[in-house]
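Below is one structure, written out as structure tokens, with a few remarks after it.
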Amino acid sequence: MITGSERCGHITITLIPAVEDELRRLTERTRLSATDLANRAITLYEFVDAQLRAGRDVLTCDHATGAAALVRLADAAHHEASPQRGAASPRSMP
């Protein structure tokens, strides 16, 4: 297990073409390195996963329209959205 600043983990991954394009666009748009983006993506995924496992909903909100959508993660074992979560359809925020 990697803990604190004791050591740095290193991984090698193969990106599918669509994700490779997304990474390129993100590095251009944010000026963050691929390493920074990977670290942030893992941190964000861990946060969202923990919230969903705790029975909470994670929402996005379009402040211009008031539309909201549930954030869902694919079930790694089945490569599909978790069935206990509702559809990611827009709805109005109160």
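Of the residues that make up the stretch 10-29, is at least one in contact with a helix residue (DSSP H, G or I) (Cβ under 7 Å, 6 or more places away or on another chain), surrounded by 11 or more Cβ atoms within 10 Å (Cβ to Cβ), of a type in the set (Ser, Thr, Tyr) and not in a loop (DSSP other than H, G, I, E, B)?
Yes; the residues of the stretch 10-29 include at least one that is in contact with a helix residue (DSSP H, G or I) (Cβ under 7 Å, 6 or more places away or on another chain), surrounded by 11 or more Cβ atoms within 10 Å (Cβ to Cβ), of a type in the set (Ser, Thr, Tyr) and not in a loop (DSSP other than H, G, I, E, B).
Under the condition of being farther than 23 Å from Asp75 by Cα and either exposed (fewer than 11 other Cβ atoms within 10 Å of the Cβ) or at pLDDT below 95 (or both), which residue from the stretch 30-50 is farthest from the chain's Cα centre (by Cα)?
Among those that are farther than 23 Å from Asp75 by Cα and either exposed (fewer than 11 other Cβ atoms within 10 Å of the Cβ) or at pLDDT below 95 (or both), it is Arg31.
Select from the stretch 51-94 the residues that are surrounded by 12 or more Cβ atoms within 10 Å (Cβ to Cβ) and β-branched (Val, Ile, Thr) and write down the one among them that is modelled with the highest pLDDT.
If we take residues in the stretch 51-94 being surrounded by 12 or more Cβ atoms within 10 Å (Cβ to Cβ) and β-branched (Val, Ile, Thr), then Val58 is modelled with the highest pLDDT.
Select from the stretch 58-77 the residues that are part of a loop (DSSP other than H, G, I, E, B), over 14 Å from the mean Cα position of the chain (by Cα) and farther than 27 Å from His10 by Cβ and list them in ascending order.
Residues satisfying the conditions are Asp62, His63, Ala64, Thr65, Gly66.
The values are calculated or read from the model by the stated rules, or taken from the named source; none is laboratory data. Predicted model, so just to flag it, every value in this text is computed and none were measured. Heads up, the Cβs are rebuilt from the backbone with ideal geometry, glycines too, and the neighbour counts pull from every protein chain shown.
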